[in-house]
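The values are calculated or read from the model by the stated rules, or taken from the named source; none is laboratory data. Since the structure is predicted, the reported quantities are computational estimates derived from the model, not experimental observations. So basically every Cβ, Gly included, is an ideal-geometry build from the backbone, and we count neighbours across all protein chains shown. Quick note on the areas: whole protein, heavy atoms, side chains included, nothing else; ligands and nucleic acids left out. Shrake-Rupley method; radii C 1.70, N 1.55, O 1.52, S 1.80 Å.
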Amino acid sequence: MTTSAAIRRPLRSRRSPGRAGARRPAPRLGTRGQPEESRAAILKAAVAEFAEHGIAGARTDAIARAAQVNKALLYYYFEDKDALYEAVLDHVFSGLRARVMPVLESRLPPRQKMLEYLGAYFDYIAANPRFPRVVQAEWMRSGAGSARMQRVAEEYFRPIFRKLADLLREGVEAKEFRAVNPMDFLPSVVGVIIFYFGAAPLMKTLLKVDPLSVERIRERRAFVLNFISAALFR
């Protein structure tokens, strides 16, 4: 046997048929190789944690554990718990804005536009029932004067409020709506939609029904649209 043949045989023996076609394992969720997936998982876990405990009681280790990432990676994406909460608020309200603003900027007649807006708003909250609980407790604690509240109001609430006020004015001028003050009407709409989902855990305990079941949500949606239509439409 030549020296060159003796060297070549061990090299060939290392390439077994089973390993030749094997694929490299996909990177685990929580690695920096999957930034979008990791960030989305952290935000989803943070929504649940903030909804349950508020920003004061929420724990980043619980969020990291639920997102299946380590805390070092969580802090790689978000500087601290406050930064994570800010990101959750942006996630919640940017989603709402993306859902309702195309409706409010459309050229639909006032009555149809209002119904489309109400339906889009309701559907967004119904698909994300934890969202109201994420923000209510903290805003009641920090008050409207906080920098966080002012930023969210300016960036998300004010554009929607202006479009809705324009819609109400347009509907009144077209004699499709009763004359209502936007400062009274719009908070009432928010209350009719939001309170139901915020109170869902209590209703489930007291009434022994699932307020978030598909059938119950369908019934509640129809009620909300009928209720607000009766209050507004001429």
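Do we have any residue at all in region 91-100 that's assigned to a helix (DSSP H, G or I), of a type outside the set (G, A, S) and in contact with a Lys or Arg (Cβ under 7 Å, 6 or more places away or on another chain)? No, region 91-100 contains no residue that is assigned to a helix (DSSP H, G or I), of a type outside the set (G, A, S) and in contact with a Lys or Arg (Cβ under 7 Å, 6 or more places away or on another chain).
I need the full set of residues from region 32-61 which are hydrophobic (A, V, I, L, M, F, W, C) and surrounded by 16 or more Cβ atoms within 10 Å (Cβ to Cβ), in order please.
Residues of region 32-61 hydrophobic (A, V, I, L, M, F, W, C): 40-43, 45-48, 50-51, 55-56, 58.
Within region 32-61, A41, I42, L43, A45, A46, V47, A48, F50, A51, I55, A58 qualify.
Criterion first (modelled with pLDDT of 95 or more, open to solvent by 70 Å² or more (accessible area, probe 1.4 Å) and aliphatic (A, V, I, L, M)) does V172 satisfy it?
Values: modelled with pLDDT of 95 or more: yes; open to solvent by 70 Å² or more (accessible area, probe 1.4 Å): no; aliphatic (A, V, I, L, M): yes.
Spelling it out, it is not the case that V172 is modelled with pLDDT of 95 or more, open to solvent by 70 Å² or more (accessible area, probe 1.4 Å) and aliphatic (A, V, I, L, M).
Scanning region 203-228 for residues being touching a helix residue (DSSP H, G or I) at 6+ places or on another chain (Cβ under 8 Å), open to solvent by less than 50 Å² (accessible area, probe 1.4 Å) and not in a helix (DSSP H, G or I) gives a total of 1.
Being under 17 Å from the mean Cα position of the chain (by Cα) and modelled with pLDDT of 90 or more holds for only one residue in A137, A153, A126, and it is A126. Close Cβ contacts (under 8 Å, 6 or more residues apart or on different chains) running from residues in region 150-167 that are over 15 Å from M101 (Cβ atoms) to residues that are in a helix (DSSP H, G or I) and modelled with pLDDT under 95 comprise V152/L89; V152/F93.
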